[in-house]
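The values are calculated or read from the model by the stated rules, or taken from the named source; none is laboratory data. Everything quoted here is computed from the prediction, not taken from an experiment. Backbone-built Cβ (ideal geometry, glycine too); neighbour counts: all protein chains shown. Accessible surface is based on the protein model in full, side chains and every heavy atom, while ligands, DNA and RNA are left aside. Shrake-Rupley method; radii C 1.70, N 1.55, O 1.52, S 1.80 Å.
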Amino acid sequence: MYSYGSSARVGVGKRGHGGRDYRPPPDRNKRDDGELVPPPLKACNCLIQLDIPEYLVGGASDNGNYDFAATDRRRMHWYFRGETVDERRKSMQKLTKQIRSKFGVHLEIPGRSQQGPVAIVGKSYRYTIPATAWLLQKLILTTTSGENDTPGIIQGRIQRNVKDPNDNILEGYWQQAIQHRSVDEGAIVGHLQPFWLFRSDKWSVMACDLIPSVDAESSSDAAFADDNPSKMKDNVLGQLQACIDNLQFRIGSAGLQGIDSFLHHLDENNTNLKQSMQQERAFSMAFAAGHPGKVNTLFQELSQIAIR
């Protein structure tokens, strides 16, 4: 390719069309700004599906009621933020790009001529689960009743290895995180606040925010949490590890075998992501996945630990 004038006989090196200097095409797999590139769909192993009502049918009427016959109606994108249809559509497109670059996964949303669940596809569940937790925080799912917020719950499923014919499709419920504000006296900033991200009869996922919210009016350490997210994250990580060590000491190491624990946080050293991290409270979570009974034991233990 581009062999004009590049032979040893001419001795002028590679030339492009029209005799211009040859410049190789850019490597689209490299990103200097810290963005991730999801692998091709055929190389992905994990599939997560969210049964969002609007996309399970072919179209929606203008008043928000789903019309099973109106398959040619435009999508209203009710679960995304925005006052108008165009604003919600742009919000949906922005989240689709962000989830690709931040987590290295695909987000597939059915168009108006399609119907089905919203899908998150990635290399493994260590990629798709954090992406799903982040997406659920962005969707409008929470309902407010008085002073209490009820987390949004969406029915869905996860298939951890789509290439394995023996892999089970796990039916369950995906739950949105609720930011509680629990502050005690003294030097205690708050409590670890684990929440169930996915629950099924055979396999469940628990998550815990590493940079929890604090009540600025009730805690003198609120500025510490806001100005030093890295220190707060390290503090919570230390509490998590101490909690796991104590639990293993009491019930034995076999009691927590089969639980896969992992972390996900945006790159704090990347200058292009610092501003977005501060705006998003530096999305940083710990996850534990495995047998529901064992994960529940860890869940109950974490719920009693205070952050000092």
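Within segment 264-298, the set of residues being at pLDDT 90 or above and open to solvent by 70 Å² or more (accessible area, probe 1.4 Å) comprises His291 only.
Of the residues making up segment 100-116, not one is at pLDDT below 90 and under 17 Å from Leu135 (Cβ atoms).
When Ala131, Ala119 are screened for being modelled with pLDDT of 95 or more, under 27 Å from Ala43 (Cα atoms), not polar (S, T, N, Q) and not in a helix (DSSP H, G or I), only Ala119 passes.
Being open to solvent by less than 60 Å² (accessible area, probe 1.4 Å), modelled with pLDDT of 85 or more and farther than 16 Å from Leu197 by Cβ is a property that holds for Glu301. Within segment 245-260, if we keep just the residues that are assigned to a loop (DSSP other than H, G, I, E, B) and under 13 Å from Val295 (Cα atoms), the residue that is modelled with the highest pLDDT turns out to be Ile259. Against the conditions (1) open to solvent by 80 Å² or more (accessible area, probe 1.4 Å); (2) modelled with pLDDT of 90 or more; (3) under 23 Å from Gly104 (Cα atoms), Trp78 satisfies every one except (3).
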